[in-house]
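In what follows, a single structure is set out as structure tokens and then discussed.
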Amino acid sequence: MIEVQKLQKKFKNNIVLKDITEHVDKGQVICVIGPSGAGKSTFLRCLNALEQPTSGKVLFEGQQLTGLNDKKLDQLREKMGMVFQGFNLFPNMNVIENIKLAPMKVKHVPEDEATATAMKLLTKVGLADKAQQYPTQLSGGQKQRVAIARALAMNPEVMLFDEPTSALDPEMVEEVLTVMHDLADSGMTMVVVTHEMGFAHEVADQIWFMADGYIQETGTPDEFFAHPKSDRAKEFLKKIL
Ligand code: ADP
Ligand code: MG
């Protein structure tokens, strides 16, 4: 579904992604872990062309993400849901309006259909009773679940998550991880940058360990957590586990 070939990304003289070649298969859940500053967010942003590679390629379903016009790029991005650390909900719209906006505006879905889909998704993330609330009336965990529902409303092929629970109070982390776990169980293709090692261990098909601009090693969670190969990964795990 996603192919990354010899990806390199520089910001001025800072080479943030050095040489990354990897792929994501349909239905796979990849957890990307690694120290702060490793390039994880930049990598994720290259996957949906929020950043353009300095060199190398990213292909989504066989189509290269560079050199596309805005219309083509938007069409491709519609297929990739993204959830960030911050919730980025529109503050002047209530929950259901937040979820309906893009399907109606971008995909021209009729309003009654958009409403039905939004309610279905809100039920899925356990927030059907919050449809008429405004973002300021929600907890961080609830906001993040709305953000996930909003991304799902576009019916994406893949969901990209960048530390979706890092900004949450500890007691709200679990409710968001549960929604993500359910999503993974439903067969969604997911790339998740996370520091939640329990989640990564339980849900990921593959762990990608990133440090210093490289994916240093990949493996199943059992392989990675029990028998990390690189010294860099051993050192990282020693610090966090
Ligand atoms: P991580 O998500 O693993 O913490 P990032 O991808 O956010 O790492 O950042 C990796 C490096 O890239 C950092 O040194 C950061 O300062 C730099 N960086 C990220 N985005 C930009 C940008 N837009 N302009 C300049 N430097 C950036
Ligand atoms: Mg980051």
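The values are calculated or read from the model by the stated rules, or taken from the named source; none is laboratory data. This structure is a prediction, so every number in the text was calculated from the model and none was measured. Neighbour counts are summed over all protein chains in view; Cβ atoms, including those assigned to glycine, are modelled from backbone coordinates with ideal geometry.
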**Prompt:** Which ones in the range 22-52 are farther than 20 Å from Gly219 by Cα and away from ligand 1 (no atom under 13 Å from the Cβ)?
**Reply:** Asn48, Ala49
**the range 19-58, residues that are hydroxyl-bearing (Ser, Thr, Tyr) and outside any strand (DSSP E or B)** = Ser36, Ser41, Thr42, Thr54
**Fill in**
Filtering the range 22-49 down to residues that are without any contact (Cβ under 8 Å) to a residue 60 or more places away in the chain and touching a helix residue (DSSP H, G or I) at 6+ places or on another chain (Cβ under 8 Å) yields Ala49
**Message:** I'm trying to understand the selection: among the residues of the range 94-117, which are surrounded by 14 or more Cβ atoms within 10 Å (Cβ to Cβ), in contact with a helix residue (DSSP H, G or I) (Cβ under 7 Å, 6 or more places away or on another chain) and farther than 13 Å from Ala149 by Cα?
**Reply:** Met104, Val109
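Test Glu235 against the stated conditions and say whether it is farther than 28 Å from Gln8 by Cβ and either within 14 Å of ligand 1 (Cβ to nearest atom) or assigned to a helix (DSSP H, G or I) (or both).
On the way: farther than 28 Å from Gln8 by Cβ: no; either within 14 Å of ligand 1 (Cβ to nearest atom) or assigned to a helix (DSSP H, G or I) (or both): yes.
No; evaluated as a whole, the condition is false for this residue.
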**Asked** How many of the residues making up the range 176-203 are surrounded by fewer than 21 Cβ atoms within 10 Å (Cβ to Cβ), in a loop (DSSP other than H, G, I, E, B) and of a type outside the set (Ser, Thr, Tyr)?
**Response** 3
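Residues Val109, Val83: which one is within 16 Å of ligand 1 (Cβ to nearest atom), touching a Pro at 6+ places or on another chain (Cβ under 7 Å) and modelled with pLDDT of 95 or more? Full working, then the answer.
On the way: Val109 fails: within 16 Å of ligand 1 (Cβ to nearest atom).
Exactly one of Val109, Val83 is within 16 Å of ligand 1 (Cβ to nearest atom), touching a Pro at 6+ places or on another chain (Cβ under 7 Å) and modelled with pLDDT of 95 or more, namely Val83.
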**Prompt:** Can you pull out the residues in the range 191-241 that are without any contact (Cβ under 8 Å) to a residue 24 or more places away in the chain and among the aliphatic types (A, V, I, L, M)?
**Reply:** Ala226, Leu237
**Message:** Give all pairs with beta carbons closer than 7 Å in which a residue from the range 69-85 that is touching a residue at least 24 places away in the same chain (Cβ under 8 Å) and in a loop (DSSP other than H, G, I, E, B) meets a residue that is within 16 Å of ligand 1 (Cβ to nearest atom) and hydroxyl-bearing (Ser, Thr, Tyr); count only pairs at least 6 apart in sequence or on separate chains.
**Reply:** Gln85/Ser166
